[in-house]
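One structure below.
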Amino acid sequence: SLAMEGQLLATSRPYLQLFSLLTLTPPPRSFALSSHSWQWKLLLLVFCCYCCCILLLSGWVAFINVVILSVEVSYIGLADFTSALGMVQKIFYTLVMSANYAYMVIYYGRLGRIYKEITALELDIDATFQTFGHKRKHPNFRIYLFKRIGLWGIFLVLVLPRITIPVLTDFMSWRDRILTEFIIIVLEFKSLEYTLYVLLIRELLRRLRHKLLQLQQELSNCEQRALLQALCQAMRRNKQLLGRIWQLVGQLEGYFLLPMLLFFLYNGVCVLHIVNWAYIQAVNPNDCCRFFRVFYLMILLMNLLIPCYYNSFGRILHNIRCGCGPNNPQLLSMVVMEYALQLEHLKLRFTCGRFFDINLKYFGGMVVTIISFTIILIQFKLQALLEAKQAATQR
């Protein structure tokens, strides 16, 4: 099977296996097996049972957290808004997991086609310029992934529990705290899974850019008409590969549509929930979790920033668009002009079903929105506190 071949997917396999262990993606080995073999059926049966157990666990965690939230709200005597916001945040545990599992079942075949297309694109890009010039050595993609995904994943596993477990209420037992922490880590790793595919797209674009540079160097030094036409034909083939990358982005967008939409909503609600509790506990002199809440808030925002940051393909595409010099042959200029026109009409971007683009511009808008909601929330709470003091004074 072509599905899991190629250097890019082979390098990504450890991360895919980790995401499979967290039930975020199907086992990568299942795409290398025949769908008629007993190994494939057994593997998917075990994985489905495992996913059902994790889904039941997320439901239990959501239920326990909602019950304890109700007890804590009644004990402290908080407003209905705190209860509603906290309940929505807890329900997202099961909602995000359910959406992720549903999309894994519905789009299992699409994910297999995505793997095949990534492998095919990698092989075709390497073969496009095989007969011209020398083969360029690619930077170590394994180190590239480790710096951008591996280090952040290690940080989440080591640091997130130390920050979030103390923030969890004292009304919760240690068993429930650990189970809640596990679900939180699984949900936050969804961002890393998505980022992995974004980095695969970046690597394909980068390799395409290197091939284009090699083609342009050969074309600028070429004086034979026949060889010039052959090189321009290879360059047009390069342009077709760029179009296939656009189609691959569309397939990934459909696969991550609802899970990533819910993930962004979940982290946004978590931020508001943390800010709300930080305000409630501001008057509590015995509160020991102020700095933990700040660090947790920063991690949530950083986990939203990472996929938005790596979705900025502008520099790579700008280099492709501006690769033609004034002294190039006319035939080369025409081919590169086709590149420019294609890039102007086809915008390479990841979106959540056209609801919003996952990029730095959206991240900035989301941060501004969260800050605005926070200001409004604090204003309402200050107004309610002032009215309560006035009522107590009148008595």
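Nothing in this text is a laboratory measurement; each read-out follows from the coordinates by a stated rule. Since the structure is predicted, the reported quantities are computational estimates derived from the model, not experimental observations. Because the Cβ atoms are built from the backbone with ideal geometry, glycine has one as well, and the counts that use them run over all protein chains shown.
When Lys and Arg each count +1 and Asp and Glu each count -1, what net charge do the other residues less than 14 Å away from Pro27, Cβ to Cβ, add up to? The answer is +2.
If we count other beta carbons within 10 Å of each Cβ, what is the order of Trp38, Trp246, fewest first?
Ranked by crowding around the Cβ, least crowded first: Trp38, Trp246.
With viscosity 0.890 mPa s and temperature 25 °C, the Kirkwood radius over alpha carbon pairs of the range 14-173 converts through Stokes-Einstein to a diffusion coefficient of 124 µm²/s. Taking 0.36 nm per residue of separation and subtracting the current Cα-Cα distance, fully stretching the chain between Leu55 and Leu265 would add 73.7 nm. Listing His273, His210 from fewest to most neighbouring C-beta atoms within 10 Å gives His210, His273. Charge tally for Lys90 (other residues, Cβ to Cβ under 15 Å; Lys, Arg +1; Asp, Glu -1): -2. Model label sites at Ser70 and Leu158, defined 7 Å from Cα along the beta-carbon direction, differ in position by 4.1 nm.
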